[in-house]
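Please read the structure below before turning to the comments.
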Amino acid sequence: MRRRLIAGNWKMHKNSETARGFAEKFLKIYRVTPDLDVCIAAPFTELLALEEMFKGTDLFTAAQNMHYEDQGAFTGEISAPMLAEIGVDYVILGHSERRAYFAETDEVINKKVKKAFEWDMIPIICCGETLAQREQGLEGHIVRHQVVMALAGLPDELVSKAVIAYEPVWAIGTGRVATPQQAEDMCKVIRDVVRVYHGNAADDVKILYGGSVKPENAKEILDMEDIDGALVGGASLDPDDFLKIIKQAQL
Ligand code: 13P
C-alpha cells in the first residue's frame with residue numbers, strides 16, 4: 001500500500017506576511033494525518049519560516065527547484081545542500097513551467113534528481129504533455145520519455161522513493177482538469193514504464209496528478225488506482241481549500 005502525498009505548490013505567490021498568515025490559519029484547522037503526507041512547496045524566501053512554523057507537526061516543506069551543483073559560480077541559483085541545511089524535505093523538479101520558461105532539459109532534470117537524493121531530499125519529478133502533443137496522440141510517448149530520462153542511472157532503491165507528478169500542461173492553471181480516467185491512464189503509463197526500467201520499484205514509486213485540482217474534483221481523481229496523491233497549485237494558496245483537498249485524500 002503506497003502512502004499518499006498531497007503537495008501544495010505555491011509557485012511565485014505569497015510574501016513573508018501572507019505565507020505566515022497561511023501557516024497560522026492552516027495550523028489551527030489542520031489535524032495530523034496518519035495515513036498520508038502533506039507538504040508545501042513555498043518560494044525559497046519563505047521556506048525557513050515555514051520550516052520553523054511546521055516544527056512539531058507532521059507537515060513537510062518542499063522547494064520548487066534547485067541547481068544540480070553543490071556550490072559554485074551560478075548566480076541566482078540555490079543548491080541542494082542549502083535547502084537540506086534548513087530542513088527542506090522535498091523538491092519539485094522539472095515542472096512544466098521550468099521546462100517551458102527556463103529551458104530545462106531532461107538531462108538537467110536527471111542531474112537534479114540525483115543531487116536531491118544525494119542530500120536526502122525526495123524529488124517530485126514533473127512530467128506532462130502539451131495540448132498540441134495530446135491532440136497528436138503523443139502524450140504516452142512524451143511522458144514515457146520524460147520519466148525514463150529523469151530516472152536514468154538511478155538505482156531501483158532510490159526510484160522506489162521518488163515521487164512523479166503527472167501534470168498535463170493543458171490542465172495547469174486553466175480550470176480544465178483531466179478526467180479521472182485520463183489521469184489514471186497516464187499514471188498507469190508512468191508506472192508501467194518505471195517497471196520496464198526499474199522493476200518492482202514501480203510498486204513503490206508515488207505518482208501524483210496535478211492540474212486544476214480543487215476540493216470539488218479531488219476525490220474522484222484520488223480514488224483512481226494508480227494515483228497516489230495530488231500536486232495542487234492555485235487551490236493550495238488558500239488554507240481552507242487546501243485542507244478540503246487533504247481531507248478527500250484521507251482513507
Ligand atoms: P493548478 O492546480 O493551479 O492548475 O497548478 C497545477 C500545478 O502546476 C502544480 O504544480
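To the nearest 20 Debye, how big is the dipole of the chain about its Cα centre, given +1 on the beta carbon of each Lys and Arg and -1 on that of each Asp and Glu?
On the way: 28 positive and 39 negative charges, 70 e Å.
That gives the chain a dipole magnitude of about 340 debye.
Rounded to the nearest 500, what is the chain's calculated 222 nm mean residue ellipticity when only DSSP H runs of at least 4 contribute -39500 (n - 2.57) each, over all residues?
Working: 12 runs with 111 residues, N = 251.
Taking each H run of at least 4 residues, the total per residue is -12500 deg cm²/dmol.
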Handout entry: Most fluctuating residue given options Gly72, Gly233, Gly137, as computed from a GNM of the chain linking Cα atoms under 10 Å
Key = Gly72
Practice task
Rank Gln136, Gln146, Gln71 by mean-square fluctuation in a GNM of the chain with C-alpha springs under 10 angstrom and give only the top-ranked residue.
Solution key: Gln136
Problem - Most fluctuating residue given options Tyr166, Tyr68, Tyr101, as computed from a GNM of the chain linking Cα atoms under 10 Å - result: Tyr101
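Taking every DSSP beta bridge that has both residues in the chain, what percent is antiparallel when rounded to the nearest 5?
Numbers: 0 of 31 bridges.
Antiparallel bridges make up about 0 percent of those DSSP assigns within the chain.
Given all pairs of different Cα atoms, what value in angstroms does the Kirkwood hydrodynamic radius of the chain take? Let's see the in-between values first.
On the way: mean 1/r = 0.0557 Å⁻¹.
Evaluated over the chain, this radius sits at 18.0 Å.
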Exercise for the section: Give the residue from Ile245, Gln64, Leu151 lying farthest towards the positive end of the charge dipole for the chain; charges sit on Cβ (+1 for Lys and Arg, -1 for Asp and Glu) and the dipole is referred to the Cα centre. Expected result: Ile245
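Cβ under 14 Å from Met66's Cβ, Met66 left aside: what net charge do those residues give with Lys, Arg +1 and Asp, Glu -1?
Numbers: positive: Arg98, Lys111, Lys112, Lys114, Lys115; negative: Glu69, Asp70, Glu77, Glu85, Asp89, Glu104, Glu118, Asp120.
Once positives and negatives cancel, what remains is -3.
Quick note: the coordinates plus some simple rules give every number you see, no bench work behind them. As the structure is a computational prediction, the values presented were derived from the model and not from experiment. Glycine gets a Cβ as well: all are built from the backbone with ideal geometry, and neighbour counts include every protein chain shown.
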